[in-house]
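Reading through the structure tokens given below for one structure.
The values are calculated or read from the model by the stated rules, or taken from the named source; none is laboratory data. Since the model is a prediction, treat every value here as computed from it, not as a measurement. Positions of Cβ are backbone-derived with ideal geometry, glycine not excepted, and every protein chain shown enters the neighbour counts. The area values use the complete protein model at the heavy-atom level, side chains included, leaving out ligands, DNA and RNA. Shrake-Rupley method; radii C 1.70, N 1.55, O 1.52, S 1.80 Å.
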Amino acid sequence: MFGPRPAFSGGIALPRREPRPGELAIRQMPFAPSLYLPLRQHAGSPAVAVVREGDEVVRGQLLADADVEKSVPLHAPATGRVLSIIEQPDPAGGTVAVIHLAPFPGDTQEYPGGPGCDPETASAASLLAGIRAAGIVGLGGEARPTHARLRLPPGQRVGMLVLNGIESEPVFSRVPAILREHAVDVLMGVRCLLKASGAGRAVLAVEQHDADTAQSLLAAAPAGLPLALRVLPARYPQGAEELLLRVISRAPRRGSGGPVEDGALCFDLATVAELGQLLASGRCMTDQLVTLAGGALLDPGNYRIPLGTPLRFALEHAGLRPDPARVLLGGPMRGQALASLDRSITKDTTGFVALDRNEAGMPEPPMPCIRCGECVAVCPVQLHPAQLGLLARKEELKAMHEEYHLDHCIECGCCAYVCPSRIPLLQLFRAAKAQWRRRQPAVAREDAA
Amino acid sequence: MTHAPQSLRLAAAPHLHGGNAVRRLTLHTVVALLPATVFAVALFGLAALATLVVAILSCILAERLCAPRSTLGDGSALLTGLLLGLSLPPALPLWMVAVGGAVAMLVGKRLFGGLGGLVFHPALVGRVFLQAAFPVAMAQGWLAPFASGRASQLPGTSLAAPFMAPEAAYDGLSGATPLATARLGDGATPLADLWMGTVAGSVGETSAVLLLLGGLYLVAVRAADWRIPTALLASVAVLSGALHEFDPTRYPGVLAALGSGGLMLGAWFLATDSTSSPMTRKGAWIYGLAIGALVVLIRQFSGQPEGVMYALLLGSALTPHIDRWTRPRPLRSRGAR
């Protein structure tokens, strides 16, 4: 209550469980007998397979690629045989081609990599090409190809890089693990990103509980690296890019343009570490750092999981109890409850939570809004969730968007978390946004993209 | 890949909840009112007890009979009945109390659409109806504090049959409230009596100290917004202090103004009702300041000895406007506008 003031109003103090030391360590997950690789693992156009059924592939070999601007290549996460390439339902809607790969036994899985790259001598253009060729996409949720974010419209410059070392939800523990085990990679990633973007300096933002670890990472930085540390009091959801940039710059942002206009570009810490590691070793992205959490797991923690690993295999490896109540893609605040475990680890997954009966609790029926205003007080982007909730019930989509700015909602779930009437505000807003998008003519959608 | 476990359930995010609940809010409010309630029964005896019981029962009965589905579980009917009972004169005929309870729930709550739909606090609606319908009984229902025989017998007025002329309360035991005394120019009540509550007055409005304690509890457990009572009491203190400074013989001092009438009950327990108060924090300040100003205005410059009830109603009528003035502006569009 008397700690340093958060730099944005609203938000909530979420209970945070101190991770046990064993959970923090990053553990390598073995290869599953079958890997399923959907060809859309990033925002933008899906990739097209360049291998055929029956082909034998080597770990790190190119499996699929697509248009240079909006897509990234996909590489074989393991040496093995392509069993099939078939169209399957995409969890995000529609269908997507999925490569079914059967890895060979573990002793054949050597991955030597290629020539590393040196940010001191490489040009910005060659770094961008290298980032794309390694198949890197933003790891903090949206999965936009990283090279596309770095390529600015003509006439724009990036002044500052922000390394987002704030967990999207407190249940995840990737940040301390990366700071501890991938300090060298983070520093390498920073150097590459500074060169590729032309930014003059970088700021690493972490919350209070990771301050010490981040401090020791900074101490290991080479002299002259323009990297500063910014420690923030823990408060959900300041890891959201929109809020973090605001907190870091401490200045009100003008207009509703993207982060680039402000001269600051935000990257997830895991992306930076991945990028540093891959560019230095000349390898490509073949696995993903994922937190598996929740009371239904005997052995929760941070795992490095080969891309395409079936979720069921991953959870069972982490000691999934026989009867989980709910499995979430993402954290408990914004994560989506999965109807089935038939999906695989992709480049855009950061964590899963398997809730046991206790944690899942019993759903309580919503009551009428009593206008207490708690949701208004916690909304970090200063919307009016109560009014939006009433409008949602009446399906007043136009008023919700044009008068009450629902499009600014970052879907953090704070409003529903504090609601004494248990009104499912986040769900109402997500549904209303989707419905509104469908109603917009296709041209407007193109402009927005 | 095999099939998902049979038990995998779907639910919408967030999958965590802070634990706040309507039921929790009302029950905390009831608990916060307990000290004042117990004191009221000690002070006015059976009359107070009967008034409270009848008020609560009539509210619960009205809710049970007329709500489309049973909504008693949220505790709001219990709370409304308790607040109504606490705000009535102790010797008011019990049938009037019952009518007040029914009006509170049916007109104050049900007609406006039930929980969350209200514009005015239902307990206030019940009380203002009684004030308008039975002004004489309301003006004569006062009892002297610690009257002898209060524990064993009900005053005659309490048991009066509907629409019959009531008998006198206890002979010579009815008392005048401090605000009425001050208005009549009969001198000021000692401040200690006023704050401790050993004076004539409504059932649960007399003890400012116990109500203040209850209010602080309410704020401490975050069941009420502290901004509203703070603004309201500050506004009353400043305005009545200024008036007292201007003419000490005509206007009571700050402590007398804060400790008398229904101010404490109103400020901590009625004004903080979430539904009839504004939703934003800025709005809460405006709301409290406005009600405080109205209280002083009505007390000192109208024909009424007590103005808290009307001030609260007028304040609630302002709520939609305050909400419109203080509507939050989205983060991203700031500065651009």
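Structure values in brief
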item: Rough spin-label spacing in nm, given labels placed 7 Å along Cα→Cβ, for B:A42 and A:R304; result: 7.1
item: Residues in the stretch B:13-30 that, when all protein chains are in place, have 50 Å² or more less accessible area than the chain alone would give (probe 1.4 Å); result: B:A13, B:P14, B:H15, B:L16, B:H17, B:N20, B:V22
item: Rounded percent of accessible protein surface that carbon and sulfur make up, chain A, 1.4 Å probe; result: 54
item: Kirkwood Rh in Å, taken over chain B so that all alpha-carbon pairs contribute; result: 20.9
item: Counting DSSP beta bridges with both ends in the stretch A:162-302, the antiparallel % (nearest 5); result: 15
item: Rounded FRET efficiency, nearest 0.05, which uses the C-beta distance separating A:A129 from B:R24 and R0 of 56 Å; result: 0.45
item: Test item: A:335-342 mean partner chain Cβ contacts at 10 Å; result: 5
item: Peptides A:35-42, A:358-365 ordered by average Cβ neighbours within 10 Å, highest first; result: A:35-42, A:358-365
item: Relative contact order computed over chain A (Cα-Cα under 8 Å; 6+ residues apart), in percent; result: 18
item: For A:417-423, mean number of other protein chain Cβ atoms within 10 Å; result: 6
item: Between A and B, accessible area buried - total, square angstrom, nearest 100, 1.4 angstrom probe; result: 4800
item: Cβ crowding within 10 Å averaged over residues, with B:133-143, B:88-98 ranked highest first; result: B:88-98, B:133-143
item: Contour excess over end-to-end distance, with Cα ends at A:E395 and A:E364 and 0.36 nm allotted per residue; result: 8.9 nm
item: Candidate lysines for bridging to A:K347, where Cα separation is under 17 Å - those fewer than 8 sequence places away on the same chain excluded; result: A:K70
item: Separation of the A:E87 and B:A220 label points, Cα + 7 Å toward Cβ, nm; result: 6.7
item: Length released on extending from B:A133 to B:R9, taking residue separation times 0.36 nm less the Cα-Cα span; result: 39.1 nm
item: A:R52/A:Q28 FRET efficiency (R0 30 Å; Cβ-Cβ; nearest 0.05); result: 0.50
item: Where labels lie 7 Å past Cα in the beta-carbon direction, separation of B:C66 and A:Q440 in nm; result: 4.7
item: Percent RCO, i.e. relative contact order, over chain B, from Cα pairs under 8 Å lying at least 6 residues apart; result: 17
item: Mean accessible surface per residue for chain A, computed with a 1.4 Å probe while every protein chain stays in place, in Å²; result: 42
item: Anchor A:K398: lysines whose Cα lies under 29 Å away (excluding residues fewer than 8 positions away in-chain); result: A:K433, B:K282
item: Using a Förster distance of 25 Å, the FRET efficiency for A:R17-A:R357 (Cβ separation, nearest 0.05); result: 0.85
item: Gaussian network model of chain A, springs between alpha carbon atoms under 10 Å - residue of A:V137, A:V175, A:V98 with greatest fluctuation; result: A:V98
item: Protection proxy ranking of B:99-106, B:310-317 - average other beta-carbon atoms within 10 Å, highest first; result: B:99-106, B:310-317
item: Computed helical MRE - 222 nm, chain B, DSSP H runs ≥ 4 contributing -39500 (n - 2.57), nearest 500; result: -16500 deg cm²/dmol
item: Partner chain coverage, peptide B:271-284 - average Cβ within 10 angstrom; result: 3
item: Residue-count net charge about A:C284 - beta-carbon cut-off 12 Å; Lys, Arg +1, Asp, Glu -1; result: +1
item: Computed over the stretch A:295-449, Cα set: Rg, Dmax in Å; result: 18.3, 50
item: Around A:L338: net Lys/Arg minus Asp/Glu count, Cβ-Cβ under 12 Å; result: +3
item: Cα-based shape type of chain A, given that a ≥ b ≥ c are square roots of the gyration tensor eigenvalues and the cut on a/c is 1.5; result: rounded
item: Eligible lysines near B:K109 by straight Cα distance, threshold 23 Å, same-chain separation 8 or greater; result: A:K394
item: Most fluctuating residue given options A:A133, A:A431, A:A234, as computed from a GNM of chain A linking Cα atoms under 10 Å; result: A:A431
